[in-house]
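A.B. asks: Let me begin by handing over the structure; questions about it come next.
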Amino acid sequence: MTDGGRTGAVGGAVAAGGMSVELPLWQAISFFRVLALAYAVLRYLDSYMAFRHPVAGWIYLGALTLWTLASTRAFAGPQRCTWYVLGTDLTLAVTGIVMSGLTDDPDRISHGAPTLPTIWAAGTVLGFAGKGGWRWAAAAGSVIGVANILGHGGPTGDNIHNIVLLMVAGCAIGYVIELARASEATLTRALQVEAATRERERLSRDIHDGVLQVLALVQRRGGEPDADFAALGRLAGEQERALRALMSGGPLPAQRTPLEPQDLRTVLGAYADERITLSAPGTPVLLPAAAAGELAAAVGAAVDNVRRHAGAGARAWILVEDEPDAVTVSIRDDGPGFAPGRLGEAERAGRLGVSQSIRGRLLDLGGTAELYSAPGEGVEVELRVPRKGSDDRPADH
């Protein structure tokens, strides 16, 4: 996958899953509207005989019931809950408050009787909070508050108290939703940057292990009188095809690994020769094909460092340890070693063999890569890959 494709996939996944942070709140708002409707109907059923025009109240509550049930799915999330839906919701809430002042008994109103929609109107404010944040919640709460003051009882203590509670609740929830959305956007950007960085590291490893190695070989051998230019040309052609595969987003030829688990002893056997000794258990050391390939590539990078830096007469030993929870591969040589801080200098100079080809690969596998060295004491590289599950292990373990 190319860099842009991978980051786009990550961004799309976060965008698709980002609404899951809001979904529980929207579900709660939808559930609250149904419960508030049931409460309003029960309150009216208990007191409708005291109304001057009870039939009008039943007509309104019937319309409110139909609308609440019809708009339940619309309140499943901000995409479905359009401004038209919220506008209709607000209109019904204001209509019910004004009708309460016209159909109820004035004496009941003066003693703090609830409006026809009662707490159902709070669901409207919560819907505006979820859709547009605290400012829209404040606007909707203000409209409902004005309707209460002008259409139902005036600026009484109960009215003011209920309006303040409605505004505080709506604005608080709206502000929380705005913070959640901002956090999701920040997380999306962070994941995209991480994906892009990991993709660049993967490309750096592929180029280092192939193209840069061949270029270094051409530079070393191209000036020799007896240089085999045909072999060098063949290697250059292979790396050209590898670069084209990278540019098209496809895997390198060496990366086309089988799907079955691989025996690490067989995979690492290619590195053994008269200078490199491989020691492994007598039973298969199985790893998923992709993990075995990446671990083998890291071992190959370590072996290549031995051949290039440890000297012509240096020897190396590869030790494979099959543990219940991890596979550990150690590469040790008897070369001159290096001084502390040498790896950091090489990385700053752009030589990324250890940081990318070894440590980067193990990091991607969820493992670790440790290097130990001192002048005159050789180098030891310890690679540890955790097992993902018991299925990777042979049946007789």
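The values are calculated or read from the model by the stated rules, or taken from the named source; none is laboratory data. Since this is a predicted model, take the numbers as computed values, not measurements. Please note: Cβ atoms are built from the backbone with ideal geometry, for glycine as well, and neighbour counts cover all protein chains shown. To get the accessible areas, we keep the full protein, side chains included, count just its heavy atoms, and leave off ligands, DNA and RNA. Shrake-Rupley method; radii C 1.70, N 1.55, O 1.52, S 1.80 Å.
A.B. asks: Which order do the peptides 329-335, 57-63 come out in when sorted by mean C-beta neighbours inside 10 angstrom, highest first?
C.D. replies: Taking the mean over residues of other Cβ atoms within 10 Å, the ranking is 329-335, 57-63.
A.B. asks: Given a Förster radius of 25 Å and the C-beta distance between Ala56 and Asp158 as r, what FRET efficiency does 1/(1 + (r/R0)^6) yield to the nearest 0.05?
C.D. replies: It comes to 0.65.
A.B. asks: If you average the sequence gap of Cα pairs under 8 Å that are 6 or more apart and divide by the length of segment 13-163, what percent do you get for the contact order?
C.D. replies: Computed value for segment 13-163: 27 percent relative contact order.
A.B. asks: Given H placed 1.01 Å from N in the peptide plane, which residues other than close sequence neighbours of Thr277 have an amide H under 5 Å from its amide H?
C.D. replies: Ala316, Trp317, Ile318
A.B. asks: Label segment 97-141 by shape, choosing from rounded, prolate and oblate, from the square roots a ≥ b ≥ c of the eigenvalues of the Cα gyration tensor; if a/c is under 1.5 it is rounded, and otherwise prolate applies when a/b is larger than b/c, oblate when it is not.
C.D. replies: prolate
A.B. asks: Would you grab the residues whose amide H sits under 5 Å from the one on Leu286? Only those 5+ places off in sequence or on another chain, please, with H modelled 1.01 Å from N.
C.D. replies: So Leu286 has HN proximity to Leu264.
A.B. asks: Give me the net charge of Phe128's neighbourhood, meaning all other residues with Cβ under 10 Å from the Cβ of Phe128; Lys, Arg count +1, Asp, Glu -1.
C.D. replies: Local net charge: +1.
A.B. asks: Quick query: amide H of Thr156 versus all other amide H atoms, modeled in the peptide plane; which residues come in under 5 Å with a sequence gap of 5 or more or a different chain?
C.D. replies: none
A.B. asks: When the accessible area of segment 34-167 is split by element with a 1.4 Å probe, what percent falls to carbon and sulfur?
C.D. replies: Result for segment 34-167: 70 percent of the exposed heavy-atom area is carbon or sulfur.
A.B. asks: Oh, and also: Residue separation times 0.36 nm, minus the C-alpha to C-alpha distance between Ala70 and Leu150: what's the value?
C.D. replies: Net length gain for the segment: 25.9 nm.
A.B. asks: Can you tally the net charge around Trp83? Count Lys and Arg as +1, Asp and Glu as -1, for every other residue whose Cβ sits under 15 Å from the Cβ of Trp83.
C.D. replies: Result for the local shell: +2.
A.B. asks: Can you pull the percent of segment 257-303's accessible area that's carbon plus sulfur, 1.4 Å probe, other chains left in place?
C.D. replies: C and S fraction of accessible area: 61 percent.
A.B. asks: Still on this structure, I have one more. Considering only the other residues whose Cβ falls under 13 Å of the Cβ of Gly311, what net charge follows from Lys and Arg at +1 and Asp and Glu at -1?
C.D. replies: Value of the local net charge: +2.
A.B. asks: If I stretch the segment between Ala169 and Arg135 completely, what's the gain in nm (0.36 nm per residue apart, minus their alpha carbon distance), one decimal?
C.D. replies: That works out to 11.0 nm of additional length.
A.B. asks: Now for a different question. I need the calculated FRET efficiency for the pair Leu319 and Arg189, taking r as the beta carbon distance and R₀ as 51 Å, to the nearest 0.05.
C.D. replies: The formula returns an efficiency of 0.75 here.
A.B. asks: For segment 287-331, rounded, prolate or oblate, judged on the Cα gyration tensor with a ≥ b ≥ c (square roots of eigenvalues), a/c < 1.5 rounded, else prolate if a/b > b/c?
C.D. replies: Taking the square roots of the gyration eigenvalues as a ≥ b ≥ c, segment 287-331 is oblate.
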